[in-house]
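Engineer: Structure in structure tokens, see below.
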Amino acid sequence: MADVHPIEADPVAGLIDIPLPQPVSLLPQTWTSRIAIFVLLAGVAAALWRLMRQRHINRYRREALAELDRIGRAANAGTRPEFLARLTVLVRRTALAAFPREQIAALVGPEWLSFLDHSYGGIEFSQGVGWLLASGSYQRNPPDDAALRSLVALIRRWIREHHV
């Protein structure tokens, strides 16, 4: 057998490895970029905190709207005076959740409707269909379906848009 030269046997044996570069750091190299990343993360954290705080603060609105939907679905099951009484209680409970008790607990009649108008920025409670909240349950002739639908829409708007 013929002698095989060792270099011919392994052609890669004589190659030298190329040195690899150092691993790249994920930490930004300049202080300005580090500060920018910190400010960005702080802004995201502050925005997330504010969003969660607003969501917690407005929880009573979501619950009141859900209750209004339940009352609206059950409207056919009861009488109109009972329906109006449930709407009145809902508005009162919502106002008590949003405003100081001392400010609104004693309000009745025109003062109550005026308060609702003032907190909403309109006049539909004292001069519109909202008067049904104060006196609709005590009338001989109950309001018609169109007036009740308008009242429910007004209450829905008030729950969404009243300002504390």
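Read the figures in this text as sums done on the coordinates, not as results from a lab. Here the structure is a predicted model, which means the values were calculated and not measured. Neighbour counts run over all protein chains shown; Cβ positions are idealised from the backbone, glycine included.
Engineer: What is the order of VAL12, VAL91, fewest Cβ neighbours within 10 Å to most?
Structural biologist: The most exposed by this proxy come first: VAL12, VAL91.
Engineer: If the elastic network links every pair of Cα atoms under 10 Å, which of ALA45, ALA64, ALA95 fluctuates the most in the Gaussian network model of the chain?
Structural biologist: Maximum fluctuation in the GNM of the chain, among the listed residues, is at ALA45.
Engineer: Can you list the HN-Hα couplings for the range 33-45, worked out from phi with the Karplus curve (6.51, -1.76, 1.60; θ = phi - 60°), rounded to whole Hz and with x for Gly and Pro?
Structural biologist: Karplus values, whole Hz, x for Gly and Pro: 6, 5, 5, 4, 5, 4, 5, 4, 5, 5, x, 5, 5.
Engineer: Which angle from 0 to 90°, rounded to the nearest 10, does the C-alpha axis of helix 109-120 make with the longest principal axis of the chain?
Structural biologist: In the chain, helix 109-120 runs at an angle near 30 degrees to the longest axis.
Engineer: Still on this structure: Show me the trypsin sites (Lys or Arg not before Pro) within the range 97-164 that DSSP assigns to loop and that have at most 15 other Cβ atoms within 10 Å of their Cβ.
Structural biologist: ARG140
Engineer: Put a dot 7 Å past each Cα toward the Cβ at ALA36 and ASP10; how far apart are the dots in nm?
Structural biologist: 5.0
Engineer: Another question about this same structure. Going by C-beta contacts inside 10 Å, put ILE71, ILE155, ILE123 in order with the fewest on the left.
Structural biologist: Ordered from fewest to most neighbouring Cβ atoms within 10 Å, ILE71, ILE155, ILE123 come out as ILE123, ILE71, ILE155.
Engineer: Same structure again: Can you put PHE38, PHE125 in order of Cβ neighbours within 10 angstrom, beginning with the fewest?
Structural biologist: By the 10 Å Cβ count, ascending: PHE38, PHE125.
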